[in-house]
Amino acid sequence: MKNLVLWLPIALLISACSDRGHSTLDIKSPEEKVGIRFHLDAEGKPFYQSLFNDDLVMDTSYLGFDLNQAAGLKGDFEIIGDAQATFDETWEQPWGEQQFIRNQYNELKVSLQEKQALKRKLDIVFRVYDDGFGFRYEFPEQENLKQIEILDELTEFNMTGDHTAWWIPGLEADQYEYLFRKTNITQIGLAHTPVTFRSADDVYISIHEAALKDYSSMMLTANGTTRLKCALVPYSRTEESKAFIAAPGITPWRTVQLASKPGDLITSYLILNLNEPNQLGDVSWFKPCKYIGIWWEMHIGIGTWATGALHSATTQNTKKYIDFAAQHGFDGVLVEGWNTGWDGDWVKEGGLFNFTEASPDFNLPELSAYAKSKGVYIIGHHETAGFIDNYERQMQDAFQQMETYGIKAVKTGYVEHGSILNNGKYHHGQAYIDHFRKVIQLAAQHKIAVVAHEPIKDTGERRTFPNMVSREGARGQEYNAWSADGGNPPDHETVLPFTRGLSGPMDFTPGVFDISIPEKPDNQVNTTLAKQLALYVTIYSPVQMACDLPEHYEKYPDAFEFIKK
Ligand code: NOJ
């Protein structure tokens, strides 16, 4: 049933009540496909509703905060100002799916102030596009609200039906590396965003966030209802507050993408549009590329990251990969296990990783010169095991070293089992997010592109920092080598473009041509050759790995030609 019928009585009710203290404000997208109605209820509590093609897609959805050691910022408000604006620009991506992106929206800024007591102020800004909307909270500078400690963000997304949802669980031990669950909304426990929904009327909806910085990551809970609510990732093991903001300050954008066809979610650039423009200027030093690497051989167990007889990152083996890359037109060669720190139980002892000291059988100066002579560059690897303090102490030197040796990209890693890092901070909490920004900005200073594994989810940072080129942030190819449940089921990658893929480029590392797994003779990678090739088309990333071993590609020159071209 269409929901239009529901919107009209609500509209009538609101206007009938407007002289009794209720307030509403409406804003529509440029072509009026999407609409937002903002309200204050009789108790001065803010909420919104939203329309897509004249149908209600989100009903009464409350907004606000519970604060630590202060009254909640969620009611007793009056509207003290509202401003509407229109915006239309076309900006150029230095690299990406599309060269020019149109950023066209109508904006409503609602300024609220508490009527009693502290008279604290809160602004809510809505940007309404034809493919969805975003909104964020802004805390203006004021006397009675300076340091804001957020216990809970109360933002709701009150869906109009028990839609089908594709989601992964929040705060689990393997971060974002889960198979997507397909359930109704009422069965969602705690989910990371983006979450994708399909309504009975075939409206496709994705809820996520944009420009996540100086704040904690948003998850969603449903609690057996269709009223989804924001659940922030906690800050640390000991802190009760989940996020800390100083006024004047802003939250990330909460985003809702809306489409009549699932593919339209993929070609929506709403999240990029809600990020700040490029702050790095000319980034022509980064070119989208294909890479191979010393990687799959460790995952299938025929090589090791640790030193010893099977150590893969030796000078000799790296030269073999460099030769192969040069011969077949690949730009980068990833080398994992090149540095010291891998020899013990590195997941537990990540504080031992050294990011400038090569293992004795890996000659970095010689290899960087060799790579350069062949027109190839090495892609560095910084596995931190989530020991971010250890990494931050060494980062300056490590990035300087990479620049010195012509290393143009780094793959970072944060392997860790559980959702709390060794320093007590949460894997997707505000401190971790701050760490990520530091890495991106430091790398940019050295003209280095970042490909992050076990990352914070993508919220469109690549617009502002185009050296943040790709991430994992999902159950990737590696699970086919070693996961206890027999690898990724065949349909996994059909779900990824419509879920994880909506947040940004993904380093899935396709290209397995030899499906055998020597360590597990009764097992194999669940794929066909054609499917591995198709992944290069369906999973977007400006850096794409051909993850298999050179000798496996040599067996299938025709299929390999597809990757080369
Ligand atoms: C997990 C990453 O996803 C994988 O690509 C990498 O090889 C290992 N960590 C070791 O850093």
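Read-outs: derived from the displayed coordinates by stated rules, not from any lab. Note that this is a predicted model, so its numbers are computed, not measured. Using ideal geometry, Cβ is built from the backbone for each residue, glycine included, and neighbour counts are taken over all protein chains shown.
Here the range 403-508 has an Rg and Dmax of 14.9, 43 Å, counting Cα atoms alone.
Consider all pairwise Cα distances in the range 444-552 and report the whole-number % of them above 20 Å.
Working: 2465 of 5886 pairs.
In whole percent, the share of Cα-Cα pairs in the range 444-552 beyond 20 Å is 42.
Once the Cα atoms are used to define both axes, helix 4-17 deviates from the longest principal axis of the chain by about 50 degrees.
The ellipsoid equivalent to the alpha-carbon distribution of the range 296-410 has semi-axes of 23, 17, 11 angstrom, derived from the gyration tensor eigenvalues as √(5λ) and listed largest first. Of all DSSP-defined beta bridges confined to the range 289-564, some 10% are antiparallel rather than parallel. Taking Cα atoms only, the orientation of helix 529-538 departs from the longest principal axis of the chain by about 40 degrees.
Using every pair of distinct Cα positions in the range 511-565, the Kirkwood expression returns a hydrodynamic radius of 12.0 angstrom.
With everything on Cα atoms, drop me the angle between helix 388-404 and the longest principal axis of the chain, reported from 0 to 90° to the nearest 10. In the chain, helix 388-404 runs at an angle near 60 degrees to the longest axis.
Using Cβ point charges alone (K and R +1, D and E -1), the dipole size of the chain about the Cα centre works out to roughly 480 debye.
Ordering 125, 546, 382 by Cα displacement along the dipole of the chain toward the positive end leaves 125 in first place; charges were set at the Cβ atoms of Lys, Arg (+1) and Asp, Glu (-1).
So for 180, 87, 47, fewest C-beta neighbours within 10 Å to most, what's the order? Don't skip to the end; give the middle numbers.
Working: 180 21, 87 13, 47 18.
By the 10 Å Cβ count, ascending, the order reads 87, 47, 180.
For the range 44-93 versus the range 527-561, the spacing of their alpha-carbon centroids is 45 Å.
Calculate how many DSSP beta bridges within the chain are antiparallel, expressed in % of all such bridges and rounded to the nearest 5.
Among the beta bridges of the chain, antiparallel pairing accounts for roughly 80 percent.
Are any of the pairs 374/531; 287/438; 33/182; 531/555; 213/290; 146/229 more than 24 Å apart by Cα-Cα distance, and if so, which?
Working: 374/531 31 Å; 287/438 22 Å; 33/182 28 Å; 531/555 17 Å; 213/290 30 Å; 146/229 26 Å.
Those over the limit are 374/531; 33/182; 213/290; 146/229.
Here the dipole of the range 289-564 is about 900 debye; that uses its Cα centre as origin and unit charges on the Cβ of Lys and Arg (positive) and Asp and Glu (negative). Along its first, second and third principal axes, ordered by size, the range 133-211 spans 47, 34, 21 Å in Cα coordinates.
Could you please rank 230, 547, placing first whichever residue has the fewest other Cβ atoms within 10 Å of its Cβ?
On the way: 230 21, 547 26.
Ordered from fewest to most neighbouring Cβ atoms within 10 Å, 230, 547 come out as 230, 547.
Peptides 349-358, 383-392, 31-40 ranked from most to least packed, by the mean per-residue count of other Cβ atoms within 10 Å: 383-392, 31-40, 349-358. Could you work out how far the C-alpha centroid of the range 466-521 sits from that of the range 270-336, in angstrom? The range 466-521 and the range 270-336 have Cα centres spaced 16 Å from each other. Relative to one another, the C-alpha centroids of the range 167-235 and the range 142-161 are positioned 17 Å apart. Rg and Dmax over the alpha-carbon atoms of the range 289-564 stand at 17.6, 50 Å. Here, the chain is characterised by an Rg to Rh ratio of 0.99, where Rg is the alpha-carbon radius of gyration and Rh the Kirkwood radius. The listed peptides 309-315, 193-199, 411-417, ordered by packing as a protection proxy, come out as 193-199, 411-417, 309-315 (highest mean of other Cβ atoms within 10 Å first).
So if I place +1 on the C-beta of Lys and Arg and -1 on the C-beta of Asp and Glu, and nothing else carries charge, what would the dipole magnitude of the range 394-441 be about its Cα centre? I want it in debye, nearest 20. Intermediate values should be presented prior to the final figure.
Values: 5 positive and 4 negative charges, 24 e Å.
Magnitude of the dipole: close to 120 debye.
Averaged over all directions, how much area does the convex hull of the C-alpha atoms of the range 6-273 cover when projected, in nm²? Mind dumping the intermediate values first?
Details: hull surface 59.9 nm².
If you wrap the Cα atoms of the range 6-273 in a convex hull and average its projections, you get 15.0 nm².
When shorter helices are ignored and each DSSP H run of at least 4 residues is given -39500 (n - 2.57), the per-residue value for the chain at 222 nm works out to -6000 deg cm²/dmol.
Here, the range 234-284 has an Rg and a Dmax of 16.9, 44 Å when only alpha carbons are counted.
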